[in-house]
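Here is the structure we will look at, set down as structure tokens.
Please treat every number below as a calculation from the coordinates, not as lab data. No experiment lies behind these values; they were computed from the predicted model shown. Cβ coordinates were reconstructed from backbone atoms using ideal geometry, including for glycine residues, and neighbour counts include every protein chain displayed.
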Amino acid sequence: MDKKEILAILEDWNFWSKPFRESFVRKTYESEVVHKASTNEIIFLKGVRRSGKSTILLNHIQNLINGGIPKENILFVNLEDPRFATSLSLELLEEIKQAYIYYLNPKDKPYIFLDEVQNIDGFEKWLLKEYELQTSHLFATGSNSKLLSKEIGSSLSGRYLDIHVSPLSFQEYLLFNNLVIEKPYDLISKHTEVERHFEQFMLYGGFPKVVLTEDVVLKEAELKSYFDSILLRDIVARYKLDNFRILEQLSIFLLSSISNAVSITKVKNRLGVSHDLASRYMEYLENTYMIQSVPLFDWSLQKQYVNPKKIYSIDTGLSKRVSFEVGKRIGDMLENIVYLELKRRYDEIYYFKTSQGYEVDFLIKEHEQITHLVQVSKMLSDHKTKKRELRALVKASDELKYSENINLLLLTMDKSYTEVMDDKAIKVINILEWLLIDDQ
């Protein structure tokens, strides 16, 4: 591409001669960017499309400029700009940098931000060159977990740090709605308002733009657009698929099956496809971060592999948008929200079944120790339901070997208190308290 043509595109995305637009701060992620960038390694922000990765980088750019870095020393490249579409290549990356150097003439080592870098085949080679020559501070975002892991894991091993970005947590959602909950009194005094927001959060999820859109029809339209974009851009175009109908049906089936165990056999029978195709398409969907799976816990990795996995959505709004029935299953949506919060707090998450068939929604393992068993139930007003949920936690903790002092939690929309069964203390915690205040 011609240098002037490249510069014209870059001008639209950079702030060399225009002010920053207002945006919301996502403090946790932005602090992590600052902390990890201090190592001078390549920083990768990974996560589902439209989760806010680009905004986090743009906020970091603004912080750099506020900290004294000249605007001319910063380059932001949107690799999904359609004007680049026919030229996406390693050569384009070099042409972009050379055009930037030629016209902006940065005085020091520039900060280069590459948005949706997986669009360039072999991008890791260019990043490696820049890293080894120490010619740039490097940041990148991507929306395909396997592609990024495969390409940067081999070529850039030991040279990069990850940051996983998700749609808004409920606490962030409230901040986007100018509601701050920091201590128990805040939750008590604003309880009605918080509950109203939580209902909306369950129905429409936490994608930033959807949260900031007030009109319900437009919220639904945004979510449908995200769903289509993930399938078409991150799967169909990437893997050159020609059977969009099957992919769409599978996506809807999985998003409709949140908080339930799903096997490959069940998928292939449901869609009438081969085991191989069902397995590949499920993997593609997981690679986009839209679908997440949780294995059944067993100390044997082989048994973990062969058992059905529980399915969760990256966003309850996305599930409800493609399946009206999901919106009626409040318990499943609550469990999905709890899963997403657990993912923010812990690395290893499983579900568990006892020898007597009791199921525990979540098992947390840290450093080869099981630390938490977590059950989710909308309400405990029904005595049988309450007894079943408590019994599952007690029986599971009895069966799990090599683990002592496991935290037993039952999350519900009811009030918080401690229950004792078979001499074991179980913390019954209100979900809103757990999401906003409690860090157990």
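Observations on the structure shown:
- Sorted by Cβ density within 10 Å, fewest first, the residues Met202, Met290, Met1: Met1, Met202, Met290
- Dipole magnitude for the chain: computed about the Cα centre from +1 point charges on Lys and Arg Cβ and -1 point charges on Asp and Glu Cβ, it is near 760 debye.
- Principal-axis tilt of helix 330-345 within the chain, Cα atoms, nearest 10 degrees: 60
- Translational diffusion of the chain, estimated by Stokes-Einstein from the Kirkwood radius over alpha carbon pairs at 10 °C in a medium of 1.306 mPa s, is 67 µm² per second.
- Between helix 244-255 and the chain there is an angle of about 50 degrees, using the helix long axis and the longest principal axis of the Cα atoms.
- For segment 209-216, the Karplus equation 6.51 cos²θ - 1.76 cosθ + 1.60, evaluated at θ = phi - 60°, returns couplings of 5, 5, 4, 7, 8, 7, 5, 4 Hz by residue, with Gly and Pro reported as x.
- Segment 279-357-segment 181-205 distance, computed between alpha-carbon centres (Å): 25
- Cα-projected label distance for Ile437 with Ser355, points at 7 Å along beta-carbon direction, nm: 4.1
- Taking 1.002 mPa s as the viscosity and 20 °C as the temperature, the Stokes-Einstein diffusion coefficient of segment 3-164 based on its alpha-carbon Kirkwood radius rounds to 135 µm²/s.
- By the count of other C-beta atoms within 10 Å, a proxy for reagent exposure, Phe244, Phe297 are ordered fewest to most as Phe244, Phe297.
- Two-decimal Rg/Rh across segment 132-220, once Rg and the Kirkwood Rh are taken from alpha-carbon atoms: 1.17
- Shape summary of segment 227-269, radius of gyration then Dmax from alpha carbon positions: 11.3, 30 Å.
- Loop-located chymotrypsin sites (Phe, Trp or Tyr not before Pro) in segment 30-110, at most 15 other Cβ atoms within 10 Å (DSSP): none
- Toward the positive end of the charge dipole of segment 3-164, with +1 on the Cβ of Lys and Arg and -1 on the Cβ of Asp and Glu, the farthest Cα among Asn105, Ser89, Ile43 is that of Ile43.
- R0 of 35 Å, Cβ-Cβ distance Tyr402-Leu277: FRET efficiency to nearest 0.05: 0.35
- With a Cα cut-off of under 15 Å and a minimum spacing of 8 residues unless on different chains, the lysine pairs in segment 213-362 number 10.
- Separation of the Ile252 and Ala8 label points, Cα + 7 Å toward Cβ, nm: 4.2
- Degrees separating the helix 3-13 axis from the principal Cα axis of the chain, which is the longest one: 40
- Cα→Cβ-extended label distance, 7 Å offset, between Ser225 and Ser154, nm: 3.7
- Fully extending the segment from Lys18 to Lys209 would add 66.5 nm, taking 0.36 nm per residue of separation and subtracting the current Cα-Cα distance.
- Summed over qualifying helices (DSSP H, 4 residues or more, each -39500 (n - 2.57)) and divided by its residue number, the chain shows a 222 nm mean residue ellipticity of -14000 deg cm²/dmol.
- Contact order relative to length of segment 171-436, as percent, for alpha carbon pairs under 8 angstrom and 6 or more apart: 14
- Calculated Rg and Dmax of segment 27-109 using C-alpha coordinates, Å: 14.2, 37
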